[in-house]
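The values are calculated or read from the model by the stated rules, or taken from the named source; none is laboratory data. All figures in this text were calculated on a predicted structure; none of them were measured in a lab. All Cβ positions, even for glycine, are placed from backbone atoms using ideal geometry, and neighbour counts span all protein chains on display.
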Amino acid sequence: MRGKTAILAVALMILCAVVIGGVTAQPPEESKDKVIHVSGTGKVTTTPDLAIIVLAVETENADAKVAQQQNAQKMDAVVSAIKGAGVPAKDIKTSGYSIIPVTEKNDKPLTITKTKYYRVVNTLEIRLSDIDRAGEIIDLAVVSGANRVDWLSLTLSDAKQQEFRSEALTAAVKQARGDADVVVAALGKAIIDVKEVNVGGSYAPMRYDSYNVAMEMAGGAPAPTPIEVGEIDVTASVSITYIIA
């Protein structure tokens, strides 16, 4: 009796394995929908509403402490002048600080390299919602002690970027649907539903390269720094799969 029970148990296990194996081995059902894949791109052209200025005070001295103190005094004057011009403290922040020993060139092997002087660099980032004041603030910083302007970016605030991206996405969807309608009509078919949508996009702000402020000032009192705002494009793209019949 026990032998029959054991044989029955083994048979049931084999049967279960076959059933389970059959279930897991079944290929997924392929969609029978007839579809068309299209993509669209939308673009909105606007003017920047945010200026980001990155400038620095750079000092050098054979004594690291002296170079640091001189740098601190000049940067304090720069920050005070910018705040005095009405730029909120929340829109001014230190973005970098370094003390770098500059050594003498020495091509002889196994010799001690001597430090000629120390270079201290304190970098400041300023965000301006009134971009028309960008040139004014740069000039004020330079007069107050800044001797480097690393870069200037004219871009969009987060709120404006989202607003214009939404407009660009709407235009991208309209373009995709328009292309789909033309193709489907030419085939004698009709769009009955949307199967899948993928959203992409890109955004390229304007940016000005760095320039040497000290060189600009060498010839005497400089003219006010001109900043041309120009235009920027906010783009967005979509890829849509429509079901047709």
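Looking across region 106-120, the residues that are surrounded by 17 or more Cβ atoms within 10 Å (Cβ to Cβ) and of a type outside the set (Phe, Trp, Tyr) come down to Arg119, Val120. Just one residue in the set Arg127, Arg148 is within 30 Å of Thr235 (Cα to Cα) and of a type in the set (Lys, Arg); that residue is Arg127.
Scanning region 46-61 for residues that are surrounded by fewer than 17 Cβ atoms within 10 Å (Cβ to Cβ) and at pLDDT below 95 yields Thr46, Thr47.
Any idea which residue in region 193-242 is nearest to Ser39 (Cα to Cα), counting only those that are modelled with pLDDT under 70 and in contact with a Leu (Cβ under 9 Å, 6 or more places away or on another chain)? Break it down stepwise before answering.
Going through region 193-242, the residues modelled with pLDDT under 70 turn out to be 202-223.
Retained after the next criterion (residues that are in contact with a Leu (Cβ under 9 Å, 6 or more places away or on another chain)): 203, 205-210, 213.
Working: Tyr203: 18, Pro205: 24, Met206: 27, Arg207: 29, Tyr208: 33, Asp209: 35, Ser210: 38, Val213: 47 Å.
Only one residue fits best here, namely Tyr203.
Scanning region 64-98 for residues that are part of a strand (DSSP E or B) and surrounded by 15 or more Cβ atoms within 10 Å (Cβ to Cβ) yields one hit, Ile92. Consider Ala176 carefully, then state whether it is free of Cβ contacts under 8 Å to residues at least 12 places away in the same chain and over 21 Å from the mean Cα position of the chain (by Cα). Spelling it out, it is not the case that Ala176 is free of Cβ contacts under 8 Å to residues at least 12 places away in the same chain and over 21 Å from the mean Cα position of the chain (by Cα). Residues in region 66-123 that are touching a Phe, Trp or Tyr at 6+ places or on another chain (Cβ under 6 Å) and touching a residue at least 40 places away in the same chain (Cβ under 8 Å) were compared, and the one that is nearest to Asp139 (Cα to Cα) is Asn122.
Here Val102 meets each of (1) of a type in the set (A, V, I, L, M); (2) part of a strand (DSSP E or B); (3) surrounded by 14 or more Cβ atoms within 10 Å (Cβ to Cβ) with one exception, condition (3).
Which of the residues that make up region 119-162 are polar (S, T, N, Q) and assigned to a strand (DSSP E or B)? Break it down stepwise before answering.
Start the filter on region 119-162 by keeping residues that are polar (S, T, N, Q), which leaves 122-123, 129, 144, 147, 153, 155, 157, 161-162.
Scanning region 119-162 gives Asn122, Thr123, Ser153, Thr155.
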